[in-house]
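Student: Below is the structure I would like to discuss, written out as structure tokens.
The values are calculated or read from the model by the stated rules, or taken from the named source; none is laboratory data. Everything numeric in this text was worked out from a predicted model, so none of it was measured. Note that each Cβ is placed from the backbone with ideal geometry, even for glycine, and that neighbours are counted across all protein chains shown.
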Amino acid sequence: MSQDMLKEIFRLQAEFDQAVVEHRELDFSPEVWIQKEILAIISELSEILDEVNFKWWKDPKEIDHEALKGEIVDVLHFFISMCLKAGIGPEELYEAYLVKNRENFARQQGQTDREGYAWKK
């Protein structure tokens, strides 16, 4: 995903969020918004679980990849919305991701003082 795509996703989500706020006459603090976004993400993650046969006590069904994709995109919607409520824009998210990705690789490669992460040799 290019940075332009990420910027467009943020722009579209901000536009959607503003429309929802206006048409539903919502007025929550940033903290309450973030709590609501987290609850929505948890709900969507549960829907993803339903799509991927996590219930070992039931006969598995064929995975509906379109439905799965839709649920994953729902998580992205709420995640980007949460970023917006937290004042995190696409550039800041991208840069933070790069830093964390390097840190995660360094941990897995045993190049930090954090124990319990390094890959077995």
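Student: Could you list, in sequence order, the residues of segment 91-116 that are more than 22 Å from PHE79 (Cα to Cα) and either hydrophobic (A, V, I, L, M, F, W, C) or in the same structural domain as PHE10 (by TED's automatic domain parsing) (or both)?
Tutor: Across segment 91-116, the qualifying residues are PHE105, ALA106.
Student: Further question: For segment 66-81, does any single residue satisfy the condition of being under 30 Å from GLN35 (Cβ atoms), at pLDDT below 95 and of a type in the set (S, T, N, Q)?
Tutor: No - not one qualifying residue is present in segment 66-81.
Student: Also, I was wondering about something else. Taking the residues in segment 35-46 that are among the hydrophobic types (A, V, I, L, M, F, W, C) and surrounded by 13 or more Cβ atoms within 10 Å (Cβ to Cβ) as candidates, determine which candidate is nearest to the chain's Cα centre (by Cα).
Tutor: For segment 35-46, the residue satisfying everything is ILE41.
Here's the yes/no breakdown for (1) surrounded by 12 or more Cβ atoms within 10 Å (Cβ to Cβ); (2) not β-branched (Val, Ile, Thr):
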{"site": "LEU12", "(1), (2)": "yes, yes"}
{"site": "VAL21", "(1), (2)": "yes, no"}
{"site": "TRP33", "(1), (2)": "yes, yes"}
{"site": "ILE48", "(1), (2)": "yes, no"}
{"site": "LYS61", "(1), (2)": "no, yes"}
{"site": "HIS65", "(1), (2)": "no, yes"}
{"site": "GLU71", "(1), (2)": "yes, yes"}
{"site": "HIS77", "(1), (2)": "yes, yes"}
{"site": "ILE80", "(1), (2)": "yes, no"}
